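These notes are about the structure you will find just below.
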Amino acid sequence: MKTLYVSDLDGTLLRSDVSTSDYTNRTINRLARQGMLFSYATARSYSTSAKVTRGLDAHIPLIVYNGAMIVDNVTGEILLSNFFGSDAHAVLDDLLAHGVVPIVYAFVDGVERFSYVPARSSRGVLDFVASRRGDRRDNPVNSTEDLYQGDIFYFACIGEEEKLEPLERKYRDVYHTVYQKDIYSGEQWLEIMPLAASKSNAIRQLREKLGCDRLVVFGDGKNDVDMFELADEGYAVSNAAPELKAVATAVIGSNDEDAVAHWLSEHAEMAEG
């Protein structure tokens with residue numbers, strides 16, 4: 001039986017200092033060399049996830065932007081992507097009409113960008129983009145009209161619950177939405193993606209691509225529930241949300257205890273050949 005192991009990053013594989021520990025790196029790299037099929041699924045972009053996992057050396061495709069893309073971990077090539085259609089402009093119209101000025105992720109003239117209007121942005125948005133200083137995707141623009149450019153695949157809204165919660169209710173059955181507080185800043189986020197863009201859909205496609213019979217996943221947040229429901233086994237770290245623990249096969253140690261790496265060291269199976 002061929003098993004695929006997939007872990008969330010923030011709050012799960014990453015420690016609270018936003019890094020993978022030396023123990024986690026050594027363990028996963030050793031097991032991967034022995035044949036373990038390991039990947040991660042994250043809300044992060046390929047660019048930022050590569051930075052925080054720089055010690056890992058698992059050369060199989062990775063799931064980023066909450067499943068909006070699958071990226072080759074060696075070349076950075078996008079293997080699968082889910083974009084909005086023309087409806088992206090209607091969503092943006094509606095967000096702006098409700099006083100929400102999002103970060104808009106898109107390919108503009110073939111180049112990946114995240115665009116925002118500094119003069120109209122919430123404190124949460126400004127803090128977030130400040131944490132990405134030097135990122136080649138950074139694209140501050142002068143007006144909301146500039147947010148409509150390119151092929152859009154992701155909206156990130158950071159702000160007041162009073163504004164964001166009604167929008168999440170409105171779009172939850174139309175698009176893939178993630179509504180939760182950031183584990184580092186405590187800011188309320190609403191992420192809106194095409195309906196096909198989810199961790200579970202991307203993992204399903206990756207499992208088929210690799211020819212795996214069994215799926216084991218690890219996570220901590222409500223946005224991991226869909227991949228837990230897909231998996232044969234799902235393990236929640238002890239710092240996970242109650243909603244995820246409720247659907248987990250079992251609860252393991254915390255992210256700061258390298259719980260995923262310890263579990264893999266004891267239980268991981270290697271692919272033959």
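The values are calculated or read from the model by the stated rules, or taken from the named source; none is laboratory data. Model, not experiment: these values are computed from the prediction. Cβ atoms come from the backbone with ideal geometry, glycine included; neighbour counts cover every protein chain shown. Please note that ligands, DNA and RNA were not included when accessible areas were found on the heavy atoms of the full protein model with its side chains. Shrake-Rupley method; radii C 1.70, N 1.55, O 1.52, S 1.80 Å.
Please note which strands (runs of 3 or more DSSP E) are completely contained in the stretch 143-197 and include at least 2 residues that are modelled with pLDDT of 95 or more and either under 12 Å from LEU95 (Cβ atoms) or charged (D, E, K, R) (or both).
In the stretch 143-197, 151-159, 188-193 are the strands (runs of 3 or more DSSP E) which contain 2 or more residues that are modelled with pLDDT of 95 or more and either under 12 Å from LEU95 (Cβ atoms) or charged (D, E, K, R) (or both).
Take MET193 and tell me if it is open to solvent by less than 20 Å² (accessible area, probe 1.4 Å) and more than 26 Å from THR24 (Cβ to Cβ). Outline the logic, then answer.
Values: open to solvent by less than 20 Å² (accessible area, probe 1.4 Å): yes; more than 26 Å from THR24 (Cβ to Cβ): yes.
It is true that MET193 is open to solvent by less than 20 Å² (accessible area, probe 1.4 Å) and more than 26 Å from THR24 (Cβ to Cβ).
Within the stretch 1-53, which residues are acidic (Asp, Glu) and under 17 Å from VAL64 (Cα atoms)?
Quick first cut of the stretch 1-53, residues acidic (Asp, Glu) only: 8, 10, 17, 22.
ASP8, ASP10, listed by residue number.
What is the residue count in the stretch 135-185 for residues that are surrounded by 13 or more Cβ atoms within 10 Å (Cβ to Cβ), polar (S, T, N, Q) and within 23 Å of ARG113 (Cβ to Cβ)?
Summing the residues that are surrounded by 13 or more Cβ atoms within 10 Å (Cβ to Cβ), polar (S, T, N, Q) and within 23 Å of ARG113 (Cβ to Cβ) in the stretch 135-185 gives 5.
Residues in the stretch 22-46 that are farther than 17 Å from LEU206 by Cα, in contact with a helix residue (DSSP H, G or I) (Cβ under 8 Å, 6 or more places away or on another chain) and without any contact (Cβ under 8 Å) to a residue 60 or more places away in the chain: how many?
1
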